[in-house]
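As structure tokens, the structure follows; a few thoughts come after it.
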Amino acid sequence: MTKALNKQHIMEEMVDILLAYPMMSRSELAQRVGYSANWVSIVINSDAFQAKLAERRNELVNPVLALSLEEKYKGLVDMSLDIVAEKLAESNNPALALQALEIGNKALGLGQQKGQNLVQANFVIQVPTKSASSTEWAEAYKPS
């Protein structure tokens, strides 16, 4: 009974280690918990371990990690703008100012000529003319 409890404890320890160090190799993990790399691989690939890992990950998810990609990108852009503004204020470098302006304009879609699209997805579909009957239509559009 104690051996089973010990293995359960080891499995929970492995979950915590993998959450803290997701890039840790199986052999490093095996050394850390005192079991063979083969045993560790079998345990990690088990459904029970994967369920425990998912459950524990959901308990610990950092709200920053749970943000959508768009929210992360907006945060990154905001930080980048602050840094660029700071560098512009420090340096008064005209080349840097023009480059920042160009990148900002592209990001906002400004500075385009009217009617110019960044992505053009036009296509034409030819619709057959209306026919008096299905027989007439079939006769007009049958393959030659």
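The values are calculated or read from the model by the stated rules, or taken from the named source; none is laboratory data. Predicted model, so just to flag it, every value in this text is computed and none were measured. Cβ atoms come from the backbone with ideal geometry, glycine included; neighbour counts cover every protein chain shown.
Do we find a residue being part of a helix (DSSP H, G or I), basic (Lys, Arg) and modelled with pLDDT of 80 or more anywhere in segment 103-120?
To start, the set of residues in segment 103-120 that are part of a helix (DSSP H, G or I) comprises 103-108.
Filter again for basic (Lys, Arg), leaving 106.
Those still in the list that are modelled with pLDDT of 80 or more too: none.
No; the residues of segment 103-120 include none that is part of a helix (DSSP H, G or I), basic (Lys, Arg) and modelled with pLDDT of 80 or more.
In the set (1) farther than 30 Å from ILE17 by Cβ; (2) exposed (fewer than 11 other Cβ atoms within 10 Å of the Cβ); (3) at pLDDT 80 or above, ILE125 fails one condition alone, (3). Checking each residue in segment 6-42 for being in a helix (DSSP H, G or I) and aromatic (Phe, Trp, Tyr) picks out only TRP39.
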